[in-house]
Amino acid sequence: MTRNARPGGAVPGVLIVAQHALQEALRRRVLLVVLVLTAVFGGLYAWGCHALFGDLDGFRNSDTGLDPTALAGSTIVGLAMFGGLFLGVVLATFLTAGAVRGDAERGLLQPLVVRPLGRGQYLLGRFLAAATVAALYVLVVYFGAILITGAIGDWWPAHPFGSAFRLAFAAVLVAALSLLGSIFLGATANGILMLMAYGAGLLAGLLGAIGDAIPSPTLQHIAATASWVLPFEALYRDALRLLVQDVPGVTGAIVQLGPLGGSHDAGPLLIPWAIIYLALVLAGAGWAFARRDL
Amino acid sequence: MSALAIAGLRKRYGRHDALRGVDLRIGEGELVGLLGPNGAGKSTLTKIACGLVRPTSGEVAVAEPFGYLAELFRFPGWCTADEVLVLHQRLTGSDGGARERGELLELVRLEADAGTRVEAMSKGMQQRLGLAQAMVGAPRLLLLDEPTSALDPGGRRTVRDLLEELRRRGVAVLLNTHLLSEVEQVCDRVVIIDKGLVVAAGTPAELEGGSGVEVELAGGVRRFEGGREDVPRIVAELVAAGEQVYGVRVTRSTLEDVYLDTVADAR
C-alpha cells in the first residue's frame, strides 16, 4: 500500500454522498419506475385534457360570462400540481425516511460516517440528493402538464415560473423534514409520519379554502397556523393562487374557491419564512445527528 | 507515540454505566486484543474510539487516518466489491486507485470477486470485504470489532494472516473479539475488560504466566504450584510421605483460564 491518503479529497464529501445516494436510486431502479409511472401519468393526463377540452363546446356560447377554457385549464393544471407534488413528496420521503436511524439499524451508516467527511456532510449529501430528485420531479410533472394543457386546450397560466418555484420548494422542505425525522425514527415510522403530516397540511389548506368561501375566521385561523407550522402546504396553496389569480370575472371566482383553487394569499413573508424554516430544519437535523450515538 | 490513547473514559447509557473509567494506550504498530464477556463495554469502547458514540467523560486521541470495521455492518447490496472500495477511497481521499483496491482484495482473498455484487456474497465474504474497506487509505490504526464472527476456520486463518501482515507494515490494531486463540496467536498485548473496567492487561505470556504440576496418586490427582524444575522435589516429597505416584504432568494456564478466572473474580 504505497498511496497517500488525503482526508476529504478533491471532491467535497457532501457531493460524494449525494452522488452515491443518486446512484443507489438509479441502480435500484427507483428512478426508472418513477419515470415509467410518470410517463403513464402524462399519457392519462393528455387523454383527460383532450376529453375535457373537447367537451367544452356546450359552454362556449352561454350567457353566464364563464370562460370554459380558463375554468378547465386552471382546474386540470391544479389537479396536476396536486398529483405532481404528492408524488414528489412520496419520492422525497422514500429517499430520506431511513437515512439515519434506518441505515444505522441496518449497519449501512457506520462505515460511512467514521470517514473524514463527518456527519454534517453526510446529512447534507443525503439532503442534496433527495431534494434535487424530488424538486426536479415536481418541475418535470408541472411543466409537462402545462405544455400538454397548452398544446391541447390552448390555455396557459399567467405565472408558470412562480408556481413552479413554490412547488419545488415545497418538495425540498418535505425532504428536509423527512431527513430530520430519520434521526429519531425508523424508516417506516418516519415515512408514515411524513405522509400523515403532508395529508394534515393539505386538509388544513382545504379547510382554509372553505373558510375563505363561507367566510369562517376559525377555519381561516386553522389554515394560517398550519401554513406557519408546515410551510410546504402554504407554498402549494400559494402556487395554486398564482395559477388562477389572473383569471377574470365569474370564472376567476369559481376557480379560486374550488378544491384546487388558490383563494388564500399567504403574503410576502411566506418565501422568507420558508427559507428560514428550511435552514432551521437542516440546522436542527445537524445538531441532533451530531449528538446521536450510533 | 500512541496510535490510540484513552484516558479515564466513561460512558453512561441512562442509568447503566457501560464504561467506568478506562485507560488504554496502543503504540504505533502494536496489536492489542480486547477481551471481555458480552456487555463488558468492548464495542462501546471501540465505537467511542472511532467517533460513533460520544463519551460521557474522558479523553480519546486517535491517530489519523484510521480504519474501522463495525460488529454489525452492511454494504449496499447493489454495489460490487470494487465499487465499495472506490466509494471509501473517495471518502478517505485515497489516491491508491485500482492498484490499492486490487491489493486489498487480494489480501482478504477476494481478488476474484471484485465484480461480484455484495448481495451475491456470503456473510463471510462480506466480512472480508469489510476488512478490506477498513484498510482503504493506508490507516495507521485499525479498530476491528468482532472481525471474525461470521468467518469459517479458513476465513479466520485469512484474518490471522492479515493481522500478521498488518504487524509487518506497522499498522496498529485494536482487535475486539471473543476468539481467545486468535488473540493468543497474533496479539502483542491483551486487555480484558469487564463491567466497564480494565480487569487485566499484559502480554499473552505475562497473563498466562503461572504453571503447575499435576500428580496422579492412588487417591486421585493433586495439583501443586511450580514448574518443570520443581517436579523431582514434589515427587520425592510425596514418595517420602508414603504416596504411590502413577503419573506427573506439568501444566500451564492458558489465556482462556486466565480470562475465565479474571472475569469470574470481577463478578
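The values are calculated or read from the model by the stated rules, or taken from the named source; none is laboratory data. Just so you know, these numbers come straight off a predicted model, no measurement behind them. Virtual Cβ from ideal backbone geometry, glycine too; neighbours counted across all protein chains shown.
Scan segment B:154-175 residue by residue and report those that are surrounded by fewer than 22 Cβ atoms within 10 Å (Cβ to Cβ) and more than 13 Å from chain A (Cβ to nearest Cβ).
Answer for segment B:154-175, where residues must be surrounded by fewer than 22 Cβ atoms within 10 Å (Cβ to Cβ) and more than 13 Å from chain A (Cβ to nearest Cβ): B:G154, B:G155, B:R156, B:R157, B:T158, B:R160, B:D161, B:E164, B:R167.
Is it the case that A:A104 is farther than 23 Å from A:I271 by Cβ, away from chain B (no Cβ under 14 Å) and either free of Cβ contacts under 8 Å to residues at least 60 places away in the same chain or not charged (D, E, K, R) (or both)?
no
Mind checking which residues of segment B:186-211 are assigned to a strand (DSSP E or B) and either closer than 15 Å to B:V263 by Cβ or modelled with pLDDT of 85 or more (or both)? Give the derivation first.
Taking segment B:186-211 as the starting set, the residues that turn out to be assigned to a strand (DSSP E or B) are B:189-194, B:197-202, B:211.
Within segment B:186-211, B:R189, B:V190, B:V191, B:I192, B:I193, B:D194, B:L197, B:V198, B:V199, B:A200, B:A201, B:G202 qualify.
Among the numbered criteria (1) surrounded by fewer than 16 Cβ atoms within 10 Å (Cβ to Cβ); (2) touching a helix residue (DSSP H, G or I) at 6+ places or on another chain (Cβ under 6 Å); (3) more than 10 Å from every other protein chain (Cβ to nearest Cβ), which one does B:V108 miss?
(1)
In this structure, is B:L85 more than 10 Å from chain A (Cβ to nearest Cβ) and either surrounded by 20 or more Cβ atoms within 10 Å (Cβ to Cβ) or of a type in the set (F, W, Y) (or both)? Step through it out loud before you land on a result.
Numbers: more than 10 Å from chain A (Cβ to nearest Cβ): yes; either surrounded by 20 or more Cβ atoms within 10 Å (Cβ to Cβ) or of a type in the set (F, W, Y) (or both): yes.
Answer is yes for this residue.
Would you please name the residue that is surrounded by the fewest Cβ atoms within 10 Å (Cβ to Cβ), looking only at residues in segment B:202-216 that are touching a residue at least 24 places away in the same chain (Cβ under 8 Å) and over 12 Å from B:R249 (Cα atoms)? If you could, list the steps in order and put the result at the bottom.
Start the filter on segment B:202-216 by keeping residues that are touching a residue at least 24 places away in the same chain (Cβ under 8 Å), which leaves B:204, B:207-216.
The next check asks that each one be over 12 Å from B:R249 (Cα atoms); those that pass are B:204, B:207-210.
Details: B:P204: 20, B:L207: 24, B:E208: 18, B:G209: 12, B:G210: 14.
Here the residue is B:G209.
Can you pull out the residues in segment B:38-50 that are crowded, with 17+ Cβ neighbours inside 10 Å, over 18 Å from B:A3 (Cβ atoms) and over 12 Å from the mean Cα position of the chain (by Cα)?
Correct list: B:A40, B:G41, B:T44.
Can you report the number of residues in segment B:157-185 which are within 17 Å of B:L107 (Cα to Cα), part of a helix (DSSP H, G or I) and under 12 Å from the mean Cα position of the chain (by Cα)?
Here the count works out to 3.
Name the residues in segment B:217-236 that are surrounded by 12 or more Cβ atoms within 10 Å (Cβ to Cβ) and of a type outside the set (V, I, T), would you?
As a first pass, look at segment B:217-236 and keep what is surrounded by 12 or more Cβ atoms within 10 Å (Cβ to Cβ): B:217, B:222, B:224, B:226-227, B:230-231, B:233-235.
Once the filter is applied, which keeps residues that are surrounded by 12 or more Cβ atoms within 10 Å (Cβ to Cβ) and of a type outside the set (V, I, T), segment B:217-236 yields B:L217, B:R222, B:F224, B:G226, B:G227, B:D230, B:R233.
With respect to B:P65, determine if the residue is assigned by TED's automatic domain parsing to the domain that holds B:R101, more than 24 Å from A:E105 (Cβ to Cβ) and touching a strand residue (DSSP E or B) at 6+ places or on another chain (Cβ under 6 Å). Steps first, please.
Working: assigned by TED's automatic domain parsing to the domain that holds B:R101: yes; more than 24 Å from A:E105 (Cβ to Cβ): yes; touching a strand residue (DSSP E or B) at 6+ places or on another chain (Cβ under 6 Å): yes.
Spelling it out, B:P65 is indeed assigned by TED's automatic domain parsing to the domain that holds B:R101, more than 24 Å from A:E105 (Cβ to Cβ) and touching a strand residue (DSSP E or B) at 6+ places or on another chain (Cβ under 6 Å).
Just the residues that are in a helix (DSSP H, G or I), surrounded by fewer than 24 Cβ atoms within 10 Å (Cβ to Cβ) and not polar (S, T, N, Q), please, taken from segment A:93-112. Before you say what the answer is, go through the steps one by one.
Here is the first cut: in segment A:93-112, the residues in a helix (DSSP H, G or I) are A:93-96, A:101-106, A:110-112.
Next, only the ones that are surrounded by fewer than 24 Cβ atoms within 10 Å (Cβ to Cβ) stay: A:94, A:101-106, A:110-112.
Correct list: A:F94, A:R101, A:G102, A:D103, A:A104, A:E105, A:R106, A:P111, A:L112.
Quick check on B:A18: is it at pLDDT below 95 and part of a strand (DSSP E or B)? Quick ask: steps written out before the conclusion?
Values: at pLDDT below 95: yes; part of a strand (DSSP E or B): yes.
For B:A18, the condition - at pLDDT below 95 and part of a strand (DSSP E or B) - is met.
Conditions (1) of a type in the set (A, V, I, L, M); (2) over 17 Å from the mean Cα position of the chain (by Cα); (3) at pLDDT below 90; (4) in a loop (DSSP other than H, G, I, E, B), marked per residue:
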| site | (1), (2), (3), (4) |
| --- | --- |
| A:S227 | no, no, yes, no |
| A:V250 | yes, yes, yes, no |
| A:S263 | no, yes, yes, yes |
| A:P272 | no, yes, no, no |
| A:L278 | yes, no, no, no |
| A:A285 | yes, yes, no, no |
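Would it be correct to say that B:S57 is surrounded by fewer than 23 Cβ atoms within 10 Å (Cβ to Cβ) and either at the interface with chain A (Cβ under 8 Å from one of its Cβ atoms) or among the polar types (S, T, N, Q) (or both)?
Values: surrounded by fewer than 23 Cβ atoms within 10 Å (Cβ to Cβ): yes; either at the interface with chain A (Cβ under 8 Å from one of its Cβ atoms) or among the polar types (S, T, N, Q) (or both): yes.
In short, yes.
Kindly indicate whether B:L31 is surrounded by 16 or more Cβ atoms within 10 Å (Cβ to Cβ), away from chain A (no Cβ under 14 Å) and within 15 Å of B:A5 (Cα to Cα).
Details: surrounded by 16 or more Cβ atoms within 10 Å (Cβ to Cβ): yes; away from chain A (no Cβ under 14 Å): yes; within 15 Å of B:A5 (Cα to Cα): yes.
In short, yes.
Could you grab the pairs with beta carbons closer than 9 Å, sequence gap of 6+ or different chains, first residue in segment A:159-174 and free of Cβ contacts under 8 Å to residues at least 24 places away in the same chain and within 18 Å of A:G83 (Cβ to Cβ), second one among the β-branched types (V, I, T) and part of a helix (DSSP H, G or I)?
Pairs that qualify, where the first residue is free of Cβ contacts under 8 Å to residues at least 24 places away in the same chain and within 18 Å of A:G83 (Cβ to Cβ) and the partner is among the β-branched types (V, I, T) and part of a helix (DSSP H, G or I), are A:P160/A:I146.
Just one of the numbered conditions (1) in a helix (DSSP H, G or I); (2) of a type in the set (D, E, K, R); (3) more than 20 Å from A:V34 (Cα to Cα) is not true of A:R126; which one?
Looking at each condition in turn, A:R126 falls short on (3).
Is there a residue being assigned to a loop (DSSP other than H, G, I, E, B), closer than 22 Å to A:L235 by Cβ and touching a residue at least 12 places away in the same chain (Cβ under 8 Å) anywhere in segment A:85-92? Working first, answer last.
Step one: filter segment A:85-92 for residues assigned to a loop (DSSP other than H, G, I, E, B), giving none.
No; the residues of segment A:85-92 include none that is assigned to a loop (DSSP other than H, G, I, E, B), closer than 22 Å to A:L235 by Cβ and touching a residue at least 12 places away in the same chain (Cβ under 8 Å).
Taking segment B:212-262 as the region of interest, how many residues are within 35 Å of the chain's Cα centre (by Cα), part of a strand (DSSP E or B) and charged (D, E, K, R)?
Number satisfying all stated conditions: 6.
Quick one: B:L151 ticks every box in (1) farther than 23 Å from B:C79 by Cα; (2) more than 14 Å from chain A (Cβ to nearest Cβ) except a single one, so which number is it?
All conditions pass for B:L151, except number (1).
Is it fair to say B:E100 is more than 25 Å from A:F289 (Cα to Cα), out of contact with any Cys (no Cβ under 9 Å at 6 or more places or on another chain), within 11 Å of chain A (Cβ to nearest Cβ) and surrounded by 21 or more Cβ atoms within 10 Å (Cβ to Cβ)?
On the way: more than 25 Å from A:F289 (Cα to Cα): yes; out of contact with any Cys (no Cβ under 9 Å at 6 or more places or on another chain): yes; within 11 Å of chain A (Cβ to nearest Cβ): yes; surrounded by 21 or more Cβ atoms within 10 Å (Cβ to Cβ): yes.
Answer is yes for this residue.
I'm trying to understand the selection: among the residues of segment A:107-132, which are of a type in the set (V, I, T) and in contact (Cβ under 8 Å) with a residue 60 or more places away in the chain?
Taking segment A:107-132 and keeping what is of a type in the set (V, I, T), we get A:113-114, A:132.
Listed by number, the residues that qualify are A:V113, A:T132.
Run B:R74 past the list (1) touching a residue at least 40 places away in the same chain (Cβ under 8 Å); (2) of a type in the set (D, E, K, R); (3) facing chain A (nearest Cβ under 9 Å); (4) farther than 22 Å from A:R27 by Cβ and report the number of the one that doesn't hold.
(4)
Based on this model, can you work out whether A:S163 counts as modelled with pLDDT under 90, touching a helix residue (DSSP H, G or I) at 6+ places or on another chain (Cβ under 9 Å) and buried (at least 23 other Cβ atoms within 10 Å of the Cβ)? So that I can check it myself, show each step before the final result.
Details: modelled with pLDDT under 90: no; touching a helix residue (DSSP H, G or I) at 6+ places or on another chain (Cβ under 9 Å): yes; buried (at least 23 other Cβ atoms within 10 Å of the Cβ): yes.
Taking the combined requirement at face value, the residue does not satisfy it.
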